[in-house]
């Protein structure tokens, strides 16, 4: 967005501004959601684990550096309505502000909106206001993505606990012994991560990487 003031007659429709913000936050938020869920799957934990959440958050920030350019989606409405569209209308012989035909030679003002037909807004340039909006969109998308990922992870773990409670509530015949060991697979996109359960140790995430003997 340009730092200089733009003529009042050149405006971005409210619906276009909202759509730009929704698309920017939606696309980036979805990416952050996937990145955070994957990082949580790579850091074996079960339940609320501040260390695992902090590690996953740091990894999500690092993975998010590659999509910073997506914040420009929020600027697309302004690029079009305040810069690209007026130039196109002027080339077509129409008022750059309202689009009213002004092909008559010597006409300096639009008969519809009263604006100068040969006056265009300044070219688009990334200024301080644009950077500020980029940062706001990026932070909001990060919060949306990581929070929704944690909500989905918590719901997934509750479903595992519910399955175990359901198993334990079933009557056992004499000699059936302890409940069997169970292995759960986390939801996508962390479906590569597994959680084991047994009556002795409860829930235990399976380590993805092993650097020593055993798992």
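Tabulated data
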| item | result |
| --- | --- |
| Within the range 168-195, tally of residues that are in a loop (DSSP other than H, G, I, E, B), modelled with pLDDT under 90 and within 42 Å of the chain's Cα centre (by Cα) | 3 |
| Whichever residue in the range 33-88 is outside any helix (DSSP H, G or I) and closer than 13 Å to residue 150 by Cα and, among such residues, is modelled with the highest pLDDT | 46 |
| Some residue of the range 154-167 being within 30 Å of residue 67 (Cα to Cα), at pLDDT 90 or above and out of contact with any strand residue (DSSP E or B) (no Cβ under 9 Å at 6 or more places or on another chain) | yes |
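The values are calculated or read from the model by the stated rules, or taken from the named source; none is laboratory data. What you see is a predicted model; the values in this text were computed from it and never measured. Here the Cβ is made from the backbone with ideal geometry for all residues, glycine too, and neighbour counts use every protein chain on show.
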